[in-house]
Amino acid sequence: MTAVVPLRTLDPIQIETFQNQGYLVVRQVVPSSDLLPLVEVVSGVVDRQTDDLYAEGKITDLCREVDFTQRWYRVLQQFGGQNEVFGWHTSVFSQALFNLIVHPSILDVVGSLTEHEIQFNGDFWVRPKLPDEKLTTLPWHQDSAYMPHTEKNTHLTVWMPLVDVGAENGTLQFLPNSHLLGLKPHHHIDGESFKTPNQDPSVGSDCIETLKMKVGDLVIFHNLVFHRSLLNRTKSIRWSVDFRYSQTNTPLGNLWHKPISCVVRSHCSPNKVASWNDWQTMWEDSPHKSSFRW
């Protein structure tokens, strides 16, 4: 197998910015046409869920002609329904998702920070943030607070909007340089599944960056950088997708998604790079297929 030649590596200034800030926005990494297969998968999930709700008599309008950015919300509005979980997982497992995870341009960005030896950590979500929805409005947190024993290694999240995002529709906010503070104690918020630090990390900070991103942009960020997502104050859904990587052989411990982790780029051991068929087999043999409704 011929090793993959990097196509779009980060330049030294971008790498330095990431190292200093703990995150980096990279513009127009993926053509919008390359995101369409995943959008079609998500639309298919909406189709199936809508048909089920119609069969159950909960809705009278299938909203077939409503745009992707509003349809799921319009369907749920008919009976006062809400998202049941903060992200979709099992329902969006697909080759379209895998093709995005291993998209050469995304791996070029990740590889710039991992010596082009990359393992996908197995963790992925598609997130529909509905208008005025508290469930998907995440508080300040560090990802390592949800991933035990990962704070000593670098784990990189790639987050991509499937619609244009800004302050009004629930984009992400970051505290620059906060990854240099180390992992802070987090506690569960009463009545919620989310964790947040015991002390508000933004207090005393002279900079909170609110991201404004277009479809095709991505933000890549460190597992220790503080970030949160805002309330969606529009009437459309803020759709996004995210997944996590680390340098090959970075320990994953007992992370719940470890069974579907795999090598996705390697110049040293290209024979270990997983294909779609490999990842599909891992999924079938893992507990993920039955552990998550969504």
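Couple of notes before you dig in:
- Measuring between their Cα centroids, region 69-98 and region 239-253 lie 23 Å from each other.
- Given charges at Cβ of Lys, Arg, Asp, Glu: the chain dipole, positive-most of Cys63, His288, Phe86: Phe86
- Residue-wise HN-Hα coupling along region 90-101, computed from phi with Karplus coefficients 6.51, -1.76, 1.60 (Hz; x: Gly, Pro): 4, 5, 9, 4, 5, 5, 4, 5, 4, 4, 6, 4
- Over all directions, the projected convex hull of the C-alpha atoms in region 156-294 averages 11.4 nm² in area.
- Over all other residues within a Cβ to Cβ distance under 12 Å of Asp61, the charged ones net out to +3, with Lys and Arg as +1 and Asp and Glu as -1.
- The share of accessible area on the chain that comes from carbon and sulfur is 50 percent, using a 1.4 angstrom probe.
- Histogrammed with a bin width of 5 Å, the alpha carbon distances of region 213-294 distribute as 3, 9, 15, 19, 19, 17, 12, 5, 2, 0 percent, first bin at zero.
- Vicinal HN-Hα couplings computed from phi for region 61-66 (Karplus, 6.51 cos²θ - 1.76 cosθ + 1.60; Hz; Gly/Pro x): 10, 6, 6, 4, 8, 7
- Annotation: per residue accessible area for region 120-200 equals 41 Å², rounded to a whole number [probe 1.4 Å, protein chains only].
- Hull-based mean projected area of the chain, where the convex hull spans the alpha carbons, in square nanometres: 15.7
- Selected from Phe221, Leu76, Gly182, residue furthest toward positive end of dipole (the chain; charges at beta carbon): Gly182
- Distance histogram in 10 Å bins (all Cα pairs of region 113-203, percent per bin): 12, 41, 39, 8, 0
- Electrostatic dipole magnitude of region 168-294 [Cβ: Lys, Arg +1; Asp, Glu -1; Cα centre; debye, to 20]: 200
- Solution diffusion estimate, µm²/s, Stokes-Einstein, region 43-107, Kirkwood Rh from C-alpha pairs, 4 °C, viscosity 1.567 mPa s: 96
- Annotation: amide H-H contacts under 5 Å for Val241 (H modelled 1.01 Å from N, sequence separation of 5 or more, or interchain): Arg127, Met160, Leu162.
- Hz values of 3J(HN,Hα) by residue in region 17-29 - Karplus curve (6.51, -1.76, 1.60), Gly and Pro given as x: 4, 4, 4, 7, 8, x, 7, 8, 8, 10, 8, 6, 7
- For region 137-165 versus region 177-236, the spacing of their alpha-carbon centroids is 8 Å.
- Val203 exposes around 110 Å² of accessible area when a 1.4 Å probe is run over every protein chain in place.
- Kirkwood hydrodynamic radius of region 3-118, from inverse mean 1/r over distinct Cα pairs, in Å: 17.1
- Modelled FRET efficiency - R0 41 Å, Asn99 with Cys207, Cβ distances, 0.05 increments: 0.70
- Cα centre as origin, Lys/Arg/Asp/Glu Cβ charges: region 100-210 dipole, Debye: 220
- Rh (Kirkwood; distinct C-alpha pairs) - region 194-253, Å: 15.2
- Relative intensity, log₁₀ I(q)/I(0), of region 161-236 from a Debye sum that treats every alpha carbon as a point, q = 0.23, 0.24 Å⁻¹: -1.18, -1.21
- Val263, Val110, reordered so the largest accessible area comes first (probe 1.4 Å): Val263, Val110
- Residue with peak Gaussian network fluctuation, the chain [Cα springs, cutoff 10 Å], from Arg238, Arg64, Arg127: Arg64
- Taking a sphere under 15 Å around the Cβ of Tyr146 and counting the other residues whose Cβ falls inside, with K and R at +1 and D and E at -1, yields a net charge of +1.
- When only the Cβ of Lys, Arg, Asp and Glu is charged (+1, +1, -1, -1), the dipole of the chain relative to its Cα centre reaches about 120 debye.
- Remark on Asp123: its backbone amide H falls under 5 Å from those of Arg244, a criterion applied only to residues 5 or more positions apart or on other chains, H modelled at 1.01 Å from N.
- Restricting region 49-108 to chymotrypsin sites (Phe, Trp or Tyr not before Pro) in coil, as DSSP defines it, with at most 15 other Cβ within 10 Å: Phe79
The values are calculated or read from the model by the stated rules, or taken from the named source; none is laboratory data. All values derive from a computational prediction rather than experimental measurement. All Cβ positions, even for glycine, are placed from backbone atoms using ideal geometry, and neighbour counts span all protein chains on display. For accessibility, only protein heavy atoms count, side chains too; no ligands or nucleic acids. Shrake-Rupley method; radii C 1.70, N 1.55, O 1.52, S 1.80 Å.
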